[in-house]
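Right, one structure below, let's go through it.
The values are calculated or read from the model by the stated rules, or taken from the named source; none is laboratory data. Here the structure is a predicted model, which is why all the values come from computation and not from measurement. Here Cβ is always computed from backbone atoms with ideal geometry, including for glycine, and neighbour counts include all displayed protein chains. For the accessible areas, the whole protein counts, side chains as well, though only heavy atoms, and no ligand, DNA or RNA atoms are used. Shrake-Rupley method; radii C 1.70, N 1.55, O 1.52, S 1.80 Å.
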Amino acid sequence: MRLSTYFMPTLKETPAEAQIVSHRLMLRAGMIRQSSAGIYSWLPLGLKVLKNIEQVVREEQNAINCHEVLMPTIQSADLWRQSGRYDDYGPEMLRVSDRHGRDMLYGPTNEEQITEIFANSIRSYRDVPQLLYHIQWKFRDEVRPRFGIMRGREFLMKDAYSFDLDKEGAQNSYNKMFVSYLKTYERLGLKAIPMAADTGPIGGDMSHEFLILAETGESEIACHNECLNNNWLKDVDADSNLGKIVHTFTEKYAATDEMRDEKTERALGSNLITARGIEVGHIFYFGTKYSSKLGAVVTGPNGEEITVEMGSYGIGVSRLVGAIIEACHDDRGIIWPETVTPYKVGLINLRHDDDNCTNACDNMYSLLKDAGIEALYDDRDKKAGVKFADMDLIGLPWQIIIGPKSVKDGIVEFKNRKTGELVELSAAAALNLLKG
RNA sequence: CGGGGCGUAGCGCAGUCUGGUAGCGCAUUCGGUUUGGGACCGAAAGGUCGGAGGUUCGAAUCCUCUCGCCCCGACCA
């Protein structure tokens with residue numbers, strides 16, 4: 001992409017309303033613009049990152065045979081009356097009515113909808129278990145939206161739902177999703193720590209929140225220091241012993257504010273770590289809460305009726321954009337993990353008006369393009385300093401810098417955004433590094 | 001929803017206390033000089049001072065109401 005024709009309105013100064021670093025950087029990098037409190041528009045650069053994260057999440061869901069669907073944002077109030085949540089949900093639910101005066105709502109979550117779909121479609125125990133998910137915009141009318149995209153009212157969420165015949169089956173679905181989440185965060189370059197979460201009236205230990213540590217996190221968390229050293233998973237296949245993996249990740253104490261236990265913490269002594277964290281995922285098992293009310297019942301092997309056991313599993317996709325920035329930045333700007341970066345490499349032409357320089361850049365750009373490497377080419381008529389600052393701000397992991405000096409020496413400068421390390425290479429060598 | 005703060009040019013701000021025809025920096029446009037970490041000189045353009053009502057000869061400034069945004073807390077992906 002040539003920056004001269006792109007839409008990337010960067011800001012030199014931080015807008016007054018932005019307080020936390022991810023919000024500031026997203027505004028400054030031209031990723032988002034605020035529409036109203038807790039509601040944002042996504043500009044090209046931000047949208048690209050959002051889509052990349054969404055894709056990683058999608059691939060990991062698909063990998064565990066969880067099937068993607070897409071449910072609407074607008075739902076009928078009747079469905080929610082059946083589950084009893086129309087009244088329970090309170091003012092956080094945005095209620096609207098259509099031209100006929102029918103009560104509708106902008107979905108804050110989709111348990112009712114998915115349960116209805118399941119109930120209308122699946123009759124036999126043979127078709128269970130089932131895992132379904134979708135990635136859709138949600139609206140929750142938060143009392144206090146804040147922190148930019150991190151606690152918006154409108155947000156993009158991946159929510160998955162499991163349907164099983166019994167509690168053991170539900171436990172297995174839960175474990176699958178648990179491990180899948182570990183892999184997802186690993187791929188996104190995050191260390192997300194699973195923590196025991198409040199299970200509400202269902203009880204048991206089948207609810208976990210996944211948190212990444214960040215000073216700006218909203219939850220006050222505490223955990224055993226070894227939780228930070230767990231090996232985040234790369235290669236887990238379907239045959240792995242999921243229960244065992246879940247066990248290793250949950251055996252040590254780790255709890256968010258409402259679940260903290262003073263006694264346990266005192267016993268941990270110097271092994272205890274307290275910190276702040278950002279919740280990037282939440283999974284829980286809730287039994288037959290919705291299936292019983294919405295009639296999600298299948299016929300069992302002996303002709304008996306079985307009300308399915310359900311769980312739901314959420315990842316805040318749009319929140320992850322902010323969370324990743326909170327975890328990956330320095331005083332110059334963002335530092336994207338390779339898996340979500342909007343472009344793999346930034347190409348800087350230091351002297352737009354120098355033909356040799358521009359030719360060398362155009363050439364490099366073609367090489368990158370031919371190699372299938374997505375590059376953002378700063379071919380603007382701007383000062384070198386402006387280009388350096390913008391490139392550091394938007395945080396592409398690699399930079400290729402070409403100026404009169406490098407042209408004379410027949411090299412390019414290859415910079416690692418994270419370490420700042422700068423090496424001089426031939427164009428071909430730089431290309432190879434990026435391919436590798 | 002309780003407490004606090006802020007709305008003045010695209011962005012960052014001053015001016016408000018003490019009323020007198022709206023200003024600075026950056027960005028933008030044009031001309032020139034520059035050119036490896038947010039250049040310099042000159043010129044230009046850009047504002048119903050969030051909105052409504054009121055007080056006054058006169059309101060960004062005082063009064064009343066209202067809308068919006070941000071922060072702290074209680075709740076949540």
* Structure fact -> The residue that is farthest from A:K387 (Cα to Cα), considering only those in the range A:316-347 that are small (G, A, S) and open to solvent by 10 Å² or more (accessible area, probe 1.4 Å), is A:G316
* Condition met for A:E54 (acidic (D, E), at pLDDT 95 or above and assigned by TED's automatic domain parsing to the domain that holds A:T184) -> yes
* Within the range A:258-290, track down each residue that is surrounded by 13 or more Cβ atoms within 10 Å (Cβ to Cβ) and assigned to a helix (DSSP H, G or I). => A:M259, A:T264, A:E265, A:L268, A:N271, A:K289, A:Y290
* Number of the exception - A:E251 against (1) at pLDDT 80 or above; (2) under 23 Å from A:V340 (Cα atoms); (3) open to solvent by 20 Å² or more (accessible area, probe 1.4 Å); (4) of a type in the set (D, E) -> (2)
* Given the range A:81-155, what strands (runs of 3 or more DSSP E) lie entirely inside it while holding 1 or more residues that are more than 11 Å from RNA strand B (Cβ to nearest atom) and in contact with a His (Cβ under 9 Å, 6 or more places away or on another chain)? -> A:130-139
* Asked: Within the range A:59-71, is there a residue that is open to solvent by less than 60 Å² (accessible area, probe 1.4 Å), part of a helix (DSSP H, G or I), farther than 20 Å from A:Y313 by Cβ and touching a helix residue (DSSP H, G or I) at 6+ places or on another chain (Cβ under 8 Å)?
  -> no
* To do: Please specify each residue of the range A:29-39 satisfying the condition of being within 27 Å of A:V345 (Cβ to Cβ) and either near RNA strand B (Cβ under 7 Å from one of its atoms) or open to solvent by less than 40 Å² (accessible area, probe 1.4 Å) (or both).
  => A:A29, A:G30, A:M31, A:I32
* Members of the range A:88-111 found to be within 19 Å of A:Y290 (Cβ to Cβ), open to solvent by less than 60 Å² (accessible area, probe 1.4 Å) and either in contact with a Cys (Cβ under 6 Å, 6 or more places away or on another chain) or free of Cβ contacts under 8 Å to residues at least 24 places away in the same chain (or both), listed by number -> A:Y89, A:G90
* To do: Return the residue satisfying two criteria in turn: it lies in the range A:380-424 and is over 25 Å from the mean Cα position of the chain (by Cα) and among the aromatic types (F, W, Y), and of such residues it is farthest from RNA strand B (Cβ to nearest atom).
  => A:F414
